[in-house]
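To start, the structure itself, in structure tokens.
Bear in mind these aren't lab numbers, they're just calculated from the coordinates by the rules spelled out. Given the structure is predicted, the values throughout are model-derived calculations rather than measurements. FYI the Cβ positions are ideal-geometry reconstructions off the backbone, even for glycines, and counts take in every protein chain you see.
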């Protein structure tokens, strides 16, 4: 499935002046020779005119006849050349192009370019025949056609303001470039048709859409049972923590009680473990939690060999009534997603509905599209658990393969702050790339990331990302100041003059200035993004929406239109 990035839509050249100057002189000389021959047709001369500009110039300089009309034609050419030079000298220079040149002198971006990435890909994944160089972020270089690539051992963190094109310029491209399994998350329909078109001929497309964001059908398109990954106390605790995070009060709504939340999380975890060990369903979990039934799950767990959780449940049951009620209330809040039948239906085995297997998925070329909205009845708990299940299976598959997946798994966690509530993300970023698990997490603002991960978690995620991308559209001064400092400064030559009785004087001083100021970052032009790579190189790149890329548009454009024209987007 891997493919080389498209090279369409060149950017205006801003930095190879010597090449342009040489080319311009050569072109002017060729035009001059042609004009002299044209003049010879109007005002013939007795000698033959050479087409070699050097020979012709020597001949005319040593006395060969000069076509009279040539004076007028060459004079007109001189006027055009002077006007063109004047325009070129005074044209407005792109501030972002100028800044990009200052960011990475000495070819620091080359390790992130196509040739280096292809070499790296062949070394990391020798068995993945035809694998592409990686995931395209944007285009840099002299003409804006040199793709900047996220490699197969790198995770990225993105901050893109609303309407800046992260889905059209990043996600859709990555769906086409992913060589193996691919995951997309979102809270809206944007990009779904495009990803369906990009992946429809590559394996099975799994669509998790319990809130009917894309599909207008009450019947589940797939089933994923969270209990399938609950095998012991650790996994039970992980799933319970995901449900807790997804149900946590938002800012301004207060915080829970540490004691009761801890016991409530344990209560939910042991109910999940009991349901898994008794071939139960999420409905059983809801029944136990809602009725504050500590004893029935304890009676299930004890004969199954889980005496510790069983004893803990019995201890909770023996607590004072008020304490039991507070513990149960905390667990009920964490399990609130289970109240919604339309969500639970996607976790309950149903005849004729395919069951999603994370273990099979991670070594396939299948696609998983996860949709959820951040509102009442949010499916974030289920989506987050599903992503957790896939990433856990990917880690296990990588270990079995010697430490790295034979074919990379690509995950575009679009709208991650709204859809995927995984506190483990910062920790995973430190080693996922080495396993061939290539994750891109997209946030609308830094504040959204901090709300999800808290300050320490966000700082860890941003620091651990091998590729950092800012797509513009932010007015977070603190965040932009940190970017400006990361980008660095340059030495600006400042000329000054003064006049006194003794005459005038001029001086040149050097000042340290920001390569990009906070205001310039805040006002980053459309279809531009700042990229920082793991080797220290940085650049302002041109981002190209998929529909403006001739290659991609030809590949999926008609299919996208057909899918959008259908009343249901249910994949087969």
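List of remarks:
- Label sites at residue 345 and residue 127, each approximated as a point 7 angstrom past Cα along Cα to Cβ, lie 4.1 nm apart.
- Here the peptides 336-342, 404-410 are ranked by packing, the mean other Cβ count within 10 Å, and the order with the highest first is 404-410, 336-342.
- Using the Cβ-Cβ distance between residue 232 and residue 108 with R0 = 45 Å, the FRET efficiency computed as 1/(1 + (r/R0)^6) comes to roughly 0.45.
- Contour excess over end-to-end distance, with Cα ends at residue 83 and residue 475 and 0.36 nm allotted per residue: 137.0 nm
- Cβ-Cβ distance of residue 188 and residue 423, R₀ of 41 Å, FRET efficiency by 1/(1 + (r/R0)^6): the value works out to about 0.95.
- Residue order, fewest to most surrounding Cβ atoms within 10 angstrom, among 547, 208: 547, 208
- The range 321-446 shape via C-alpha gyration tensor axes, a/c threshold 1.5: prolate
- In nm, spacing of pseudo-spin labels at residue 329 and residue 550 (7 Å Cα→C-beta vector): 6.7
- Look at 131, 540 and count the other Cβ atoms within 10 Å of each Cβ; fewest to most, that gives 131, 540.
- Among 192, 148, 114, 234, the ranking by other beta carbons within 10 Å of each residue's beta carbon, starting with the fewest, stands as 234, 114, 192, 148.
- Residue separation of residue 279 and residue 52 scaled by 0.36 nm, minus their Cα-Cα distance, works out to 72.9 nm of gained length.
- FRET E, pair residue 519, residue 463, Förster distance 22 Å, beta-carbon r, rounded to 0.05: 0.30
- Residue-span extension gain [residue 262 to residue 317] - 0.36 nm each, minus C-alpha spacing: 18.3 nm
- Between residue 455 and residue 510, the modelled label-to-label distance comes to 3.7 nm, taking each label 7 Å out from Cα in the direction of the beta carbon.
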